[in-house]
Structures are given as C-alpha cells and as structure tokens.
Ligand SMILES: [Zn+2]
C-alpha cells in the first residue's frame, strides 16, 4: 500500500456508499450500480485513490448484478483469503490504497477463468482510450 489515510480522512473524502464498500468491506445491492451497464471503452479506476484497476476490454456480463471482469491491470489489485460469512472466498482490494473492491471467483470466462466480482461503488469509470 502506498496510500494510507486515517479513517476520518476516508470518511470525509468518500460518499457514504463508497466508504461502506471500500473501508468497511461492504457489498452493494446486486443490480444497483450504473456501471453494470457501462459498455464504453475506457478505464475503471479505484473510487478511493484513482488508481487504474480494470480495462473495459476485460469486462463481461456475468449476470451476477455486479460489474465483472476477467482480469485486473498488472499489479493493480491484491487478494486475501476471506473466511467471513462461513464461506471461503478470495477478497480483492486496491493495491495502492487497500480499499475493498469485491471478490474473485474461479468461474470466469477464458482466457483467465477468473471472475472479478466488483462493487460498482468502489470503481469510477473514465471513458476514453484504455490502457492509461
Ligand atoms: Zn485505491
């Protein structure tokens, strides 16, 4: 992590929904994010620190109700094992600010076979040529 802020600072800078997801490991309600329907070319950035996380070319329709990607940008995210809710899942967070983004599951499409199930509240979309 290269960005460290106090809880108070995050509270001030983020919307309540962003704070709930990024800093409290919350999950937004399925189907509520406008990013589910975002199909333009561009870059999905961390809503906490602005770091580019996903390229629009790796987004796919998972039908889960959350924006889904099969591959993050190189080095953009980190993972930890999450055993809460009596499930074993792999939690995904922004490598730069540590903000919680969602989970990754091994049932995604080719070529990676991974499904990064992200909270739209944790992302900001920037239309334009991707790749940053
Ligand atoms: Zn971040």
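A few points about this structure:
- Simple label model, 7 Å out from Cα along Cβ direction - residue 81 to residue 60, nm: 2.7
- Cβ crowding within 10 Å ranks 83, 89, 45, 110 as 110, 83, 89, 45, fewest other Cβ atoms first.
- Packing-based exposure ordering (other Cβ within 10 Å, fewest first) of 104, 92: 104, 92
- Values of log10 I(q)/I(0), in the order q = 0.14, 0.30 Å⁻¹, for region 28-70 under a Debye, Cα-only, solvent-free model: -0.31, -1.18
- Tail beyond 15 Å, pair distance distribution of region 15-93 (Cα, percent): 64
- Exposure proxy order (Cβ contacts within 10 Å, fewest to most) of 55, 82, 7: 7, 82, 55
- Estimated from the Cβ-Cβ distance and a Förster radius of 22 angstrom, the FRET efficiency linking residue 88 and residue 29 is about 0.40.
- Kirkwood-type radius of the chain, with distances r between different C-alpha atoms, in Å: 14.7
Here, each number is a calculation from the coordinates, and none is a lab measurement. Just so we're clear, the structure is a prediction, and the values are computed from it rather than from any experiment. Methodologically, a virtual Cβ is constructed for each residue, glycine included, from the backbone with ideal geometry; neighbour enumeration extends over all protein chains shown.
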